[in-house]
Amino acid sequence: MAKTPSKTLVITFIADDRPGLVERLSEVVSNAGGNWLESRMARLAAKFAGIARVEIEAGKTAALRDALAALEADGFTLNIEGAAAEISPGGTVFNLELLGPDQPGIVRDITGCLSERGVSVEEMETNLQRAPMGGDMLFQARARVRLPASLNADALGLALEDLAGALMVDLTLSQDMAERS
């Protein structure tokens, strides 16, 4: 028996935070015949936002889009995009961790340094926390980045060290051991 062609969709959503949001969204996907593959979600400033990758039979895509659009009446704001087949990217994966005094422009400066060297940010999480002594706010970032094959990790490390010194933050770059083969 031939396998039915499927389509991969990426759904982004945001709504006022309340119990049952994920259940409601996953129920719509499931009822339309979709398969929830992966997602990232978080509560930020009384909002709940996320991104999910789902797979559905190609012939059922329009019905799923319509069912998801109906969630707007429940307070969801959604964006639905078709996605290409997953291609394994090349390059080496590293973990980047940063901690230092909060100041405007940290994310811009760090991501600018990465972008200038062709480094791709695969995942990133940032937050603020109170410093243990003094109560000042500390900015913390954790990212998973992929270096292009042409970039030497030591060269990136030196550039990030220089930037960390200018920003007066602690920054570490270490190879992602889960990605090592």
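The values are calculated or read from the model by the stated rules, or taken from the named source; none is laboratory data. This structure is a prediction, so every number in the text was calculated from the model and none was measured. No Cβ is skipped: glycine too gets one built from the backbone with ideal geometry, and neighbour counts run over all protein chains shown. These accessible areas exclude ligands, DNA and RNA; they are computed on the full protein's heavy atoms, side chains included. Shrake-Rupley method; radii C 1.70, N 1.55, O 1.52, S 1.80 Å.
Checking each residue in segment 110-143 for being at pLDDT below 95 and in a loop (DSSP other than H, G, I, E, B) picks out ALA131, PRO132, MET133, GLY134, GLY135, ASP136. Among residues of segment 127-144 that are open to solvent by less than 90 Å² (accessible area, probe 1.4 Å), those with a Cβ under 8 angstrom from a residue that is of a type in the set (A, V, I, L, M) and part of a loop (DSSP other than H, G, I, E, B), sequence gap 6+ or separate chain, pair up as MET137/ALA131; LEU138/ALA131; PHE139/VAL169.
When residues in segment 158-181 are screened for being open to solvent by 100 Å² or more (accessible area, probe 1.4 Å) and either outside any strand (DSSP E or B) or free of Cβ contacts under 8 Å to residues at least 12 places away in the same chain (or both), 7 of them pass. Each residue in segment 76-116 was checked for being within 30 Å of THR61 (Cβ to Cβ) and touching a Leu at 6+ places or on another chain (Cβ under 8 Å), and 6 of them qualify. Among the residues of segment 149-157, not a single one is open to solvent by 40 Å² or more (accessible area, probe 1.4 Å), assigned to a helix (DSSP H, G or I) and under 23 Å from ARG40 (Cβ atoms). Residues of segment 19-44 that are touching a strand residue (DSSP E or B) at 6+ places or on another chain (Cβ under 8 Å), in contact (Cβ under 8 Å) with a residue 24 or more places away in the chain, surrounded by fewer than 16 Cβ atoms within 10 Å (Cβ to Cβ) and within 14 Å of LEU71 (Cα to Cα): VAL22 alone. Of all residues in segment 93-107, at least one satisfies being out of contact with any helix residue (DSSP H, G or I) (no Cβ under 9 Å at 6 or more places or on another chain), over 23 Å from SER174 (Cβ atoms) and of a type outside the set (Gly, Ala, Ser). Under the condition of being open to solvent by less than 70 Å² (accessible area, probe 1.4 Å), of a type in the set (Gly, Ala, Ser) and over 17 Å from the mean Cα position of the chain (by Cα), the residues counted in segment 83-105 number 4. Here segment 52-82 is the region considered, the condition is being β-branched (Val, Ile, Thr) and open to solvent by less than 60 Å² (accessible area, probe 1.4 Å), and the residue that is nearest to SER6 (Cα to Cα) is ILE56.
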